[in-house]
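Student: This is the structure, below, for whatever I ask next.
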């Protein structure tokens, strides 16, 4: 197996060789996370898919490695959302949230997303260079999720700073606690304002949602607002960044997409497979001994499922390290699988489709401004993406 250690900057810059070695020699393997927590890492596609749907792996018991260390007044408002619950609570929460997060509401956003994308691209037309992460990829999903939820866009700097701290692998526990407390305080004030002055937005709809007399509790409301703000921008920022990085290092695919934009939906799925914006799914805990790939994980152990590794498994995807626009049966796991499949997947796909369509049309000669090996990728076990993407427009 590779001698390169896990969870170093070298690993984050290019984790694929390490995951390839793990899939081959230690596909279910105990590791120590950067925060010191011991966890079993699952890396093969078949095992990952099975684990994602395994009811013996509890999301409630495994919710939030860092959240476990927080004061209850902060922890509870952050861990009562869909990703941190098992049935029957998960079933109830998903039913309530799905009533507000409808396909109609997402599709109605298309003209607005197109307008936001055009507004972000306009000033770039006057430039020779850009950082696609900071100049475009960050702002599009943040503005969309702010408008969808009814969050003042001028607050984006604050909550982006808090979420960046909360998903980082290099910030101290005290730093995470401080950011978490600040985020919870902000969300409680925002919900209070929405309760007294509701508007036509998702957060107001979640406050008003009822199902046979059932409703979201205060902690559940705060948790769902937190999850939607975090997942609604962090993942799509990196989907756009990772996708453009992939294109700019794949000249043939770049040319084909410029010549035939009808291929962009297939390209988005291949971006998701090759460089998933989510490296590992949020952790779970085994409620009893579970066996994957002939390896038994003991009861009480925490489990991390590597989506990034699963989607490059050669047993599932022939030539997994090659970008293929015509890849058949591209059933990647970037949005998860089973009951925790990403509720926001339609919105992420809509934003990505518009982003790549607009960027390719506006800047057909775009290229990287630095060699790919000089890029630095974000440190962390949850989010996967470049910290910056300097380009020549």
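Student: Contact list please: Cβ distance under 8 Å, first residue in segment 47-58 and without any contact (Cβ under 8 Å) to a residue 40 or more places away in the chain, second residue surrounded by fewer than 18 Cβ atoms within 10 Å (Cβ to Cβ), pairs at least six apart or on different chains.
Tutor: Close Cβ pairs satisfying both conditions: 55/87.
Student: Looking at (1) surrounded by fewer than 17 Cβ atoms within 10 Å (Cβ to Cβ); (2) touching a helix residue (DSSP H, G or I) at 6+ places or on another chain (Cβ under 7 Å); (3) assigned to a loop (DSSP other than H, G, I, E, B), which one does residue 312 not meet, given that it meets all the others?
Tutor: (1)
Student: Mind listing whichever residues of segment 91-110 are in a helix (DSSP H, G or I) and farther than 16 Å from residue 209 by Cβ? Quick ask: steps written out before the conclusion?
Tutor: In the first step, residues of segment 91-110 are kept if they are in a helix (DSSP H, G or I); the result is 91-100, 103-107, 110.
Result: 103, 106, 107, 110.
Student: Those residues that are more than 16 Å from residue 350 (Cα to Cα) and assigned to a helix (DSSP H, G or I), I need them from segment 258-285; list them, please. Give the derivation first.
Tutor: So in segment 258-285, the residues more than 16 Å from residue 350 (Cα to Cα) come out as 258-260, 273-276, 278-285.
Hits for segment 258-285 are 258, 259, 273, 274.
Student: Which of the following residues is within 14 Å of residue 275 (Cα to Cα), assigned to a loop (DSSP other than H, G, I, E, B) and in contact (Cβ under 8 Å) with a residue 12 or more places away in the chain: 333, 343?
Tutor: Values: 343 fails: within 14 Å of residue 275 (Cα to Cα).
It is 333.
Student: Restricting to segment 86-110, name every residue that is at pLDDT 85 or above and surrounded by 14 or more Cβ atoms within 10 Å (Cβ to Cβ).
Tutor: 86, 89, 90, 92, 93, 94, 109
Student: Of everything in segment 24-48, what is in a helix (DSSP H, G or I) and either in contact with a strand residue (DSSP E or B) (Cβ under 8 Å, 6 or more places away or on another chain) or closer than 20 Å to residue 382 by Cβ (or both)? Give them in sequence order. It would help to see each step written out before you state the result.
Tutor: Looking only at segment 24-48, we keep the residues that are in a helix (DSSP H, G or I), and these are 24-25, 45-48.
Result: 45, 47, 48.
Student: Take residue 356 and decide whether it is out of contact with any strand residue (DSSP E or B) (no Cβ under 8 Å at 6 or more places or on another chain) and not in a loop (DSSP other than H, G, I, E, B).
Tutor: Details: out of contact with any strand residue (DSSP E or B) (no Cβ under 8 Å at 6 or more places or on another chain): yes; not in a loop (DSSP other than H, G, I, E, B): yes.
Considered against the rule, which asks whether it is out of contact with any strand residue (DSSP E or B) (no Cβ under 8 Å at 6 or more places or on another chain) and not in a loop (DSSP other than H, G, I, E, B), residue 356 comes out as yes.
Student: Read through the list (1) under 23 Å from residue 109 (Cα atoms); (2) surrounded by fewer than 22 Cβ atoms within 10 Å (Cβ to Cβ); (3) modelled with pLDDT under 85, then give the number of the only condition that residue 261 fails.
Tutor: The one condition residue 261 does not meet is (3).
Student: Within segment 114-133, count every residue that is outside any helix (DSSP H, G or I) and without any contact (Cβ under 8 Å) to a residue 40 or more places away in the chain. I'd like the intermediate steps shown before the answer.
Tutor: Of segment 114-133, the ones outside any helix (DSSP H, G or I) are 125-131.
After this cut, where a residue has to be without any contact (Cβ under 8 Å) to a residue 40 or more places away in the chain as well, the list is 126.
Residues that pass the stated criteria total 1.
The values are calculated or read from the model by the stated rules, or taken from the named source; none is laboratory data. Everything quoted here is computed from the prediction, not taken from an experiment. Backbone-built Cβ (ideal geometry, glycine too); neighbour counts: all protein chains shown.
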